[in-house]
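The block underneath contains the structure these notes are about, expressed in structure tokens.
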Amino acid sequence: MASLADRVRGNGRIAAGLLFNLLVSICIVFLNKWIYVHHGFPNMSLTLVHFVVTWLGLYVCQKLDIFAPKSLPLSKLLLLALSFCGFVVFTNLSLQNNTIGTYQLAKAMTTPVIIAIQTFWYQKRFSIRIQLTLIPITVGVILNSYYDVKFHSLGMVFAALGVVVTSLYQVWVGAKQHELQVNSMQLLYYQAPMSSAMLLVAVPCFEPVFAEGGIFGPWSVSALLMVLLSGVIAFMVNLSIYWIIGNTSPVTYNMFGHFKFCITLCGGYILFKDPLSVNQGLGILCTLFGILAYTHFKLSEQEGSKSKLVQRP
């Protein structure tokens, strides 16, 4: 009975962790969009707030022994920290200049771009069925963008840059974790302050600082509270993702990601009254089908590889 009770408690913790991640992941998208639409807070400055809050949050976590920091050479993290800045800034600019539907679907192009990078730069090979799943993903994104009545050419440029830099960042994170033998939180513990310092230098070049519309400009109390809350939630997203990966299977994490994808799309159309045409709906379904197929085939191949390793004498 004791083991059953422990199992129930364990499942309850996992369910609570997944629900918490669902809430904060969706909340950060809608909250950032609200800040851009209703307060006009500058993009890079908001990203800087996120990085600083994440850095402070990780400092508190390591003091509470949630993870153990590892000494790392800063010179090996410069490019990673720079790409971290680029991926967050460009994805936020995409969110600022596109509908939530287009922003969310554009992010799905990260998978094809990562596969292209790993194929041409790292000579990694992917099965035919994995490659074929990229067709519905890409077609769906193009369909949605083409029929988006709020199509914004600059927004699509930011979305494309965001996809490329995000893909590079994800590939490099995996490589650095393997090279330096660290987990994601240990890596982020160094990335966050380095990226904060980079943005601290860059912000005055692109955005006002003390004038109206700048990070230290005359903002209402509600706007400042929203920005601070956005930073705290961004940190919670990172922390909850780390916890989910450590306490569930890859299948759970991936399938839960698809659920968040659908909820975020629906919420964007409901909260911000974004119009949705039939062709856009088809594009969304097409992309979702491709993502589900990719996940199914990828996890099947991983399970097959594990089985072969176990059976090998």
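Annotations for the structure displayed:
- Net charge of the neighbourhood of Y103, taken over other residues with C-beta under 13 Å away and scored Lys/Arg +1, Asp/Glu -1, is +1.
- Sites C262 and A175 - FRET efficiency at Förster radius 30 Å, r taken between beta-carbons, to 0.05: 0.45
- When the square roots of the Cα gyration tensor eigenvalues are ordered a ≥ b ≥ c, the ratio a/c for region 21-302 is 1.5 or more and a/b does not exceed b/c, which makes its shape oblate.
- Extending 7 Å from Cα along the Cβ direction at I135 and again at K76 yields two label points whose distance is 4.2 nm.
- Span-like helix check, the chain: qualifying full DSSP H segments, with Cα axial length of 20 Å or more and mean Kyte-Doolittle of 0.5 or more, are 2-38, 43-63, 78-97, 128-146, 153-180, 184-206, 221-247, 250-271.
- Local charge for N183 was computed over the other residues whose Cβ lies under 12 Å away, with Lys and Arg +1 and Asp and Glu -1, and equals +2.
- Residue-averaged [θ]222 nm for the chain, counting only DSSP H segments that reach four residues, each worth -39500 (n - 2.57): -28000 deg cm²/dmol
- A Förster radius of 51 Å combined with the Cβ-Cβ distance from E301 to H38 puts the calculated FRET efficiency at roughly 0.65.
- Nearest-0.05 FRET efficiency for L224 and L23, computed from C-beta distance (R0 25 Å): 0.65
- For the peptides 280-289, 223-232, the ranking by mean Cβ contacts within 10 Å, running from highest to lowest, is 280-289, 223-232.
- Listed peptides 37-48, 261-272 by packing density, highest first (mean Cβ within 10 Å): 37-48, 261-272
- Averaging the sequence gap over all C-alpha pairs within less than 8 Å and six or more residues apart, then dividing by the number of residues, gives the chain a relative contact order of 36 percent.
- When each of the peptides 65-73, 22-30 is scored by the mean number of other C-beta atoms lying within 10 Å of its residues, the order from highest to lowest reads 22-30, 65-73.
The numbers here are math on the coordinates, done by the rules we state, and not lab data. Everything numeric in this text was worked out from a predicted model, so none of it was measured. When we count neighbours, we look across all protein chains shown, and the Cβ atoms used for this are built from the backbone with ideal geometry, even at glycine.
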